[in-house]
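What follows is calculated from the coordinates using simple rules that are stated; it is not laboratory data. It should be emphasised that the depicted structure is a prediction, and the values quoted were computed from it without experimental measurement. Methodologically, a virtual Cβ is constructed for each residue, glycine included, from the backbone with ideal geometry; neighbour enumeration extends over all protein chains shown.
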Ligand code: T46
């Protein structure tokens, strides 16, 4: 089974334009406790390089594009995020990296938990030990 679990968010648009609604426990499969966005990432910079233990997140690229890598310790997969109509669901114990941000990239992230640095695994060797 692929690690790349995309959720479709059909636009509720009309002749004026488009709108997407994100609702916890409806089209987002958890209660949303935190929302953050990543923008203005500098040229050539990659982000992420960590996993979470408990946290679930949905990552939506609402402008521009970037390349997302996900890795469960056995399989590594990647996909371009470039649509505001698709969210990538990332569950616990998945290593993630974000590369090749376009200048205009904005990633909107919905998270199942409040920020907790203790939930991060920021070292890849430790991550492999935890998942093995
Ligand atoms: C993830 C990817 C997609 C906070 O204080 N509160 C927050 O809610 C977050 C997310 C971060 N921070 C602080 C911690 C760091 O000092 O903001 C700084 C940058 O965070 P970090 O280096 O973890 O950012 P990214 O872009 O590497 O990763 C983030 C999320 O942390 C992570 O959960 O999955 O985006």
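Remark: 39, 127 ranked as 39, 127, counting other beta-carbon atoms within 10 Å and listing the fewest first.
Here the residues 80, 95, ranked from fewest to most Cβ neighbours within 10 Å of their Cβ, fall in the order 80, 95. Between 25, 91, 82, the Gaussian network model of the chain with springs among Cα atoms under 10 angstrom shows the greatest mean-square fluctuation at 25. Globularity index of the stretch 5-131 is 1.07 (Cα radius of gyration / 2.2 N^0.38 Å, N = number of residues).
In the chain, the calculated helix contribution to ellipticity at 222 nm averages -1500 deg cm²/dmol per residue, counting -39,500 (n - 2.57) for every DSSP H run with n ≥ 4. For the stretch 1-62, the C-alpha radius of gyration sits at 1.39 times the compact-globule guess of 2.2 N^0.38 Å, with N the residue count.
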